[in-house]
Amino acid sequence: MASSSERPLDHRYRDEHPVRTLGYLFRADRRRLWAAVGVFTVKHSPVWLLPLITASIIDTVVQHQPIEHLLLSTGIILFILVINYPLHVLYVRLLYGSVRRMGTALRSALCTRMQQLSIGYHSRVSAGVLQAKVVRDVETVEQMVQQTAETGLGALTVLTGGLVIIAVRTPEFVPVFVIVVPAAALVVARLRARLRTHNERFRHEVETLSSRVSEMTRLIPVTRAHGLEGKALHRMDGTLSRLLTSGMRLDLVNGRFGSLAWVVLNVVGVLVLAGAALVSYYDVWGVTPGDVVMLSAFLTTLTNSTTTLAGLAPVITKGLESVRSVGEVLQAPELEDNEGRAEVTSVRGAVVFENVAHAYEDGDRPAVRDFGLSVRPGETVALVGASGAGKSTVLNLVIGFIRPTAGRLLLDGTDINTLDLRTYRRFVSVVPQESILFDGTIRENVAYGMDDADEESVRAALRDANALEFVDRLPQGLDTLVGERGARLSGGQRQRLAIARALIRDPRVLILDEATSALDTRSEALVQQALVRLLRGRTTFVVAHRLSTVRGADRIVVMGEGRILETGTHEELLRRGGAYTQLHGGQVA
Ligand SMILES: Nc1ncnc2c1ncn2[C@@H]1O[C@H](COP(=O)(O)OP(=O)(O)OP(=O)(O)O)[C@@H](O)[C@H]1O
Ligand SMILES: [Mg+2]
C-alpha cells in the first residue's frame, strides 16, 4: 500500500487541468478503462439496434417477405439481449474496479499527506474541511467518472448508432433529425433545469432542518434546565413551516415542468411519426412502414440521449472541482521537512535556546523573542506568565511543531533544524492541557504507538500514574472502553491516563501543559504524585498552574510578552520581589 500511495504525492497538481490530473490518477488502469468503453458499446447496442430490427420485422410482415427474415431478426435481437448479462458483469468489473481503486488510492494519499503536513497547517485548516475532502470530494470524483462513463457513454453510442442507421436507411431524414433533436432536447433540458433549481432550494431547506435538529438535541439539557422548551419548539416550528411551503412548491413545479417536458417530447415524436407516415403514404423517398416506426422511435431515444448529455455538465463540473480541491491538499507545501536530515538515535536531554524568536505568520509581532536558556539533562523548567505570554509557543518549539524564525535551538548541542524530528520525537512525551483520548480501551489508549507494550508495562505505567486503582475497579479493567474522547471518565482520571501514556514511553524530554481546570483535593493530590514520578530524571518543560509543580521545579522561567522576565527558584524569585511575586500573588496561588 505504501509504495502505491506515496507516488501520488510527488505529482504536481497545482496549475494542472483537473482532466489531466484524472488521467494521471487512472494511469495504472488506463487499459482497463478502454476495455470498459469497448465492452459498454457492445453491451449497449440493443438500444440503438432495436428500432432498426423492429423496422425490419414490420417490413417483413407488411411486405410478406420470407418468414426466415423474421426468424433471423428475432434471433439477432435475442442474442444481443442475452449477452448483455455477461458483458454487463465484465463492464462493472473493469470500470467500477478501476474507479474504486482510484478512490482508495486517493483517500490513502490524502491521509498520508495529512500525517506529513505541519501542525501549523492543521491549526489553520479545520478538521471538518479535511474530513470532507477525504469522504465527500473523493466520492464526488468517483461518481463523476461512473456517471460520465455510464450515462454519457450510453447517450453517445445511442446518438452515433442512431444517426448512422438513419443515414444508411433514410438519408433524407438526417437533416430533420439534426435540427429537431437538438431543438427538442433544448426545450426539454430547459424545463428540467427549472426543476433542478427548485430541487436545490428544497435540499437547502432540508439541510437547514437537519442542522436545526442537531442544534436542538445538543441544547436539550440547557433548554430543559432553563424551562425554555416552548422557545425551542417555536424555533423548530418556523423551520418546519418553511420546509412545508418549499416542499409544496417543489411538488407543484415538479408536476408542471415534468409534465410539460413529457408533452413536448411526445408531441414532437408524434409529429415526426405523422410526417414520416405522410412521406411513406405518398411513396416519396421509398420509405417503408418499418422506417416510419423506426424514425419515431429514434426521435425519442435520440432526444433523451441529448438531454442526458447536457445533464452531465454539472456533474462533470462538480467532479472536476473536487479533483482540484483534493489536489490542493495533496500538494500543500507546508510539510514538516524531515527528508535527509540526521536521525536521532539517543537523547541526553540538554536543550539550549540561543536567542530564539518565533513569529507566527499572521502575528504582527513575535510571540517569543530574545529567548535564551540553557537546560541541563534532567532539569525541570517551569514556565509561568500571563495568558498570551508565549508559554505554549516555547513548548511547541521544543516539540518541533514550529521552528525558530530567529536564533537557534540546540538539542544535545545539535541544531534541531538539522534533525529528523520523527526520530527525535521517539524520545519525547507530551501531556497536553486537554488529555486527548480516543474511543478505545484503556489499554489501547495508554499503549498508543507502543506495539510491544505488554500487560505488565501497561499496569506499571498506570500504577506510577496513580491510575491503577481506579482502572482495577472498573468492571472490564484494562479493557474498559473509554468512550469518544474519554467521555466515560472524569477529568482527573483522563489526566492520569495521559500521564500513564507519557510514562510508558520512558521519554528523555517531557513536555507538559498543565490543565488549568481545578480538581478536587484528592484527585489533585493523586495527579500531583503521578507528576512527580513522571518528571524524575527527565528534561521537563512544564507550563505550570499548580503551585506544587512550580515549587518542585529546578528553575522557574517567568515570561511576559514573549520575553524572559526572570529566572530562578521559587524562593529566589520570591525574595527578589519582581514579576514572579506579582504573578504569585495573583495567578499561581
Ligand atoms: N497559531 C497561532 N497563530 C498566530 N498567533 C498565535 C498562534 N498561537 C499563538 N499565537 C499568539 O502568540 C502569542 C503567544 O501565545 P501562546 O499560546 O504561546 O501563549 P500562552 O502563554 O501559552 O498563553 P495561555 O496561558 O493563555 O495558554 C499570543 O499573542 C497568541 O495570540
Ligand atoms: Mg498556552
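The values are calculated or read from the model by the stated rules, or taken from the named source; none is laboratory data. On a predicted model such as this, the values are computed, not experimentally measured, just so you know. We place every Cβ from the backbone using ideal geometry, glycine too, and count neighbours over all the protein chains shown.
Restricting attention to the range 367-393, report how many residues are assigned to a loop (DSSP other than H, G, I, E, B), more than 19 Å from SER118 (Cα to Cα) and within 16 Å of ligand 2 (Cβ to nearest atom). Reasoning before the result, please.
As a first pass, look at the range 367-393 and keep what is assigned to a loop (DSSP other than H, G, I, E, B): 367, 376-379, 386-390.
With more than 19 Å from SER118 (Cα to Cα) added as a condition, the list becomes 376-379, 386-390.
Retained after the next criterion (residues that are within 16 Å of ligand 2 (Cβ to nearest atom)): 386-390.
The qualifying residues number 5.
Restricting attention to the range 466-499, which residues are surrounded by 20 or more Cβ atoms within 10 Å (Cβ to Cβ) and more than 23 Å from SER392 (Cβ to Cβ)?
Hits for the range 466-499 are ASN466, ALA467, VAL471, VAL482, LEU489, GLN493.
Taking the range 394-417, which residues are within 16 Å of ligand 2 (Cβ to nearest atom) and closer than 20 Å to GLU379 by Cβ?
Result: VAL394, LEU395, ASN396, LEU397, VAL398, ILE399.
What residue, of VAL329, VAL352, is under 30 Å from GLU139 (Cα atoms) and outside any loop (DSSP other than H, G, I, E, B)?
Among VAL329, VAL352, only VAL329 is under 30 Å from GLU139 (Cα atoms) and outside any loop (DSSP other than H, G, I, E, B).
Quick one: what pairs do we get from the range 376-396, first residue farther than 15 Å from VAL550 by Cα, second near ligand 2 (Cβ under 8 Å from one of its atoms) and among the β-branched types (Val, Ile, Thr), C-beta under 8 Å, 6+ apart or different chains?
Here the result reads SER392/VAL543; LEU395/VAL543, each pair linking the range 376-396 to a residue that is near ligand 2 (Cβ under 8 Å from one of its atoms) and among the β-branched types (Val, Ile, Thr).
On the given criteria, is VAL329 closer than 30 Å to HIS11 by Cα, out of contact with any Gly (no Cβ under 6 Å at 6 or more places or on another chain) and either of a type in the set (A, V, I, L, M) or assigned by TED's automatic domain parsing to the domain that holds VAL188 (or both)?
yes
Here are some residues: LEU159, LEU95, LEU130, LEU87. Which one is touching a helix residue (DSSP H, G or I) at 6+ places or on another chain (Cβ under 8 Å) and over 28 Å from ARG30 (Cα atoms)?
Criteria check complete, one pass: LEU130.
Considering the range 345-387 alone, what residues qualify as being within 15 Å of ligand 1 (Cβ to nearest atom) and among the hydroxyl-bearing types (Ser, Thr, Tyr)?
TYR360, SER387 - these are the residues of the range 345-387 that are within 15 Å of ligand 1 (Cβ to nearest atom) and among the hydroxyl-bearing types (Ser, Thr, Tyr).
Step by step: first the residues of the range 397-416, then only those that are free of Cβ contacts under 8 Å to residues at least 60 places away in the same chain and closer than 15 Å to ALA367 by Cα, then the one that is nearest to ligand 1 (Cβ to nearest atom). Which residue is that?
Of everything passing the filter in the range 397-416, LEU397 is nearest to ligand 1 (Cβ to nearest atom).
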